1. Could you list all residues from the range 136-169 that are of a type in the set (Gly, Ala, Ser), touching a Gly at 6+ places or on another chain (Cβ under 8 Å) and not in a helix (DSSP H, G or I)?
2. Which ones in the range 96-135 are part of a helix (DSSP H, G or I) and of a type in the set (Gly, Ala, Ser)?
3. Hey, among the residues in the range 30-61 that are of a type in the set (Val, Ile, Thr) and under 14 Å from the mean Cα position of the chain (by Cα), which one's farthest from Leu103 (Cα to Cα)?
4. Which of the helices (runs of 4 or more DSSP H) found entirely inside the range 21-95 contain at least 3 residues meeting this: assigned by TED's automatic domain parsing to the domain that holds Phe158 and surrounded by fewer than 15 Cβ atoms within 10 Å (Cβ to Cβ)?
Amino acid sequence: MLVLLQVFLEIKGVQLPNPFPRLTYAEAMSRYGSDRPDTRFDLELKDVSDIFLESPLQSGGIVKVLCVPSGTKSYSNTTLKKGDIYNEAIKSGAKGLPFLKVLDDGEVEGIPALASNLNPTNMEELLRRCSAGPGDLILFAVGHHASVNKTLDRLRVFVAHELGLVDNVSLWPAFCTRCL
């Protein structure tokens with residue numbers, strides 16, 4: 001490990017952290033949807049399955065979300081229903097892209113199946129868990145954990161690149177431990 005740190009410092013002039021940050025496989029999959037997460041930006045996935053227990057949306061799988069800060073300003077309803085971000089979800093194997101938008105006045109709009117299936121208490125809990133505020137966009141994936149993670153990982157990276165959230169200068173190595 002010390003040799004690797006020294007090589008990066010001497011050749012690239014980059015000081016790598018010692019030790020490298022570590023994530024378990026389970027933590028990486030839960031937070032990022034990938035066992036090789038891109039940690040150059042902060043977008044993390046949240047499991048909100050428990051909020052939808054009484055909902056037809058929860059059909060034996062899991063429900064996870066990706067909250068995109070200020071996403072309502074970047075993505076129109078048309079883009080979310082037929083544009084590039086929608087196409088990215090479809091390419092990952094998703095059957096659609098459920099979403100909710102937190103409007104400037106704090107009200108929530110989006111796919112009726114989502115908005116109408118949440119009572120005020122559950123909506124508040126969803127927004128709290130996502131740390132969502134006015135102007136934020138919440139993207140959903142529903143189903144088997146492997147397909148949900150695959151979809152949201154792809155969307156996470158796509159959105160980060162589109163919105164310029166990726167730090168292309170720094171290196172952010174991490175070790176994934178206790179892999180399957």
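The values are calculated or read from the model by the stated rules, or taken from the named source; none is laboratory data. Everything quoted here is computed from the prediction, not taken from an experiment. Ideal geometry is used to build each Cβ from the backbone, glycine not excepted, and the neighbour counts take in all protein chains shown.
1. Step one: list which residues in the range 136-169 are of a type in the set (Gly, Ala, Ser), which gives 141, 143, 146-147, 160, 164.
Restricting the remaining residues to those that are touching a Gly at 6+ places or on another chain (Cβ under 8 Å) gives 143, 147.
Listed by number, the list holds a single entry, Gly143.
2. Of the range 96-135, the ones part of a helix (DSSP H, G or I) are 112-115, 120-130.
The answer is Ala113, Ala115.
3. Of the residues in the range 30-61, the ones of a type in the set (Val, Ile, Thr) are 39, 48, 51.
Pick out the ones that are also under 14 Å from the mean Cα position of the chain (by Cα) and you get 39, 48.
Values: Thr39: 28, Val48: 20 Å.
By that ranking, first place goes to Thr39.
4. Details: elements: 25-32, 71-74, 77-82, 84-91.
Helices (runs of 4 or more DSSP H) meeting the threshold: 77-82, 84-91.
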